[in-house]
Amino acid sequence: DTEVTQTPKHLVMGMTNKKSLKCEQHMGHRAMYWYKQKAKKPPELMFVYSYEKLSINESVPSRFSPECPNSSLLNLHLHALQPEDSALYLCASSQGTGTISYGYTFGSGTRLTVV
Amino acid sequence: AQSVTQLGSHVSVSEGALVLLRCNYSSSVPPYLFWYVQYPNQGLQLLLKYTSAATLVKGINGFEAEFKKSETSFHLTKPSAHMRDAAEYFCAVSLQSGYSTLTFGKGTMLLVSP
């Protein structure tokens, strides 16, 4: 299995809703990432988990809450989002964070719309 | 610190023509370099990577890139464009030593006309 699976593919939520994005990989990768991508822009790093511990939080607002229950799963919990948070949310994984010679494997993303 | 600069937000070619997408990097230590492709409403797919083994790197879908240290460049080429190559292309860099994450360029949209 060489894939990163993200669910759901599309999500529409109101500003008072609570929802979660899910990401799963079975490649034995020990680092997982959340990126946010606005239209016509490159992906922006949000969070990095290394060996199931949060190692980087790129000053992301607290309405985004990541969780790594085990080495194969990564969640992003969403609460009280704003319309400007509408974007494509990408999950990625890599063998480790110390040497990125293999690059990242990306999922197909969740298209989030906040109304 | 590391960064990449992609010259040209849009590149237009005719089907069958040469594709050249430009990427220049800046890093304090030797870099790893990557090209990713993104089709509409999809994630990023790795095209090829430079990891210091060989300066000319061949990737998927007929693409290749050459690492030129003297020019700090890693340009992506394909001899003959296909309509299916129309997509967004991102150059990315990470460092060969220590802790590093991928840093992306702003992307180049490749447009292919019949």
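What the table shows:
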item	result
Single residue of the stretch A:46-79 satisfying the filter (out of contact with any strand residue (DSSP E or B) (no Cβ under 7 Å at 6 or more places or on another chain) and within 14 Å of chain B (Cβ to nearest Cβ)) that is nearest to A:Leu11 (Cα to Cα)	A:Lys53
Subset of the stretch A:11-45 [hydroxyl-bearing (Ser, Thr, Tyr) and either within 13 Å of another protein chain (Cβ to nearest Cβ) or within 30 Å of B:Gly105 (Cβ to Cβ) (or both)]	A:Tyr33, A:Tyr35
Out of A:Ser20, A:Ser62, sole residue that is over 25 Å from B:Tyr50 (Cα atoms), among the polar types (S, T, N, Q) and either part of a loop (DSSP other than H, G, I, E, B) or touching a helix residue (DSSP H, G or I) at 6+ places or on another chain (Cβ under 7 Å) (or both)	A:Ser62
Residue within the stretch A:90-111 that is modelled with pLDDT of 95 or more and away from chain B (no Cβ under 14 Å) present	no
Residue among A:Pro66, A:Pro61, A:Pro42 that is free of Cβ contacts under 8 Å to residues at least 12 places away in the same chain and over 23 Å from B:Trp35 (Cα atoms)	A:Pro61
Within the stretch B:37-108, strands (runs of 3 or more DSSP E) holding 3 or more residues that are more than 14 Å from chain A (Cβ to nearest Cβ), in contact with a strand residue (DSSP E or B) (Cβ under 9 Å, 6 or more places away or on another chain) and without any contact (Cβ under 8 Å) to a residue 24 or more places away in the chain	B:64-68
Residue under evaluation A:Pro42, criteria (1) in a strand (DSSP E or B); (2) buried (at least 16 other Cβ atoms within 10 Å of the Cβ), criterion not met	(1)
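Yes/no per residue for (1) under 13 Å from B:Tyr25 (Cβ atoms); (2) modelled with pLDDT of 95 or more:
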{"residue": "B:Ala81", "(1), (2)": "no, yes"}
{"residue": "B:Arg84", "(1), (2)": "no, yes"}
{"residue": "B:Glu88", "(1), (2)": "no, yes"}
{"residue": "B:Gly98", "(1), (2)": "no, no"}
{"residue": "B:Phe104", "(1), (2)": "yes, no"}
{"residue": "B:Thr108", "(1), (2)": "no, yes"}
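The values are calculated or read from the model by the stated rules, or taken from the named source; none is laboratory data. The shown structure was predicted, so the numbers you read here are calculated from the model rather than taken from an experiment. All Cβ positions, even for glycine, are placed from backbone atoms using ideal geometry, and neighbour counts span all protein chains on display.
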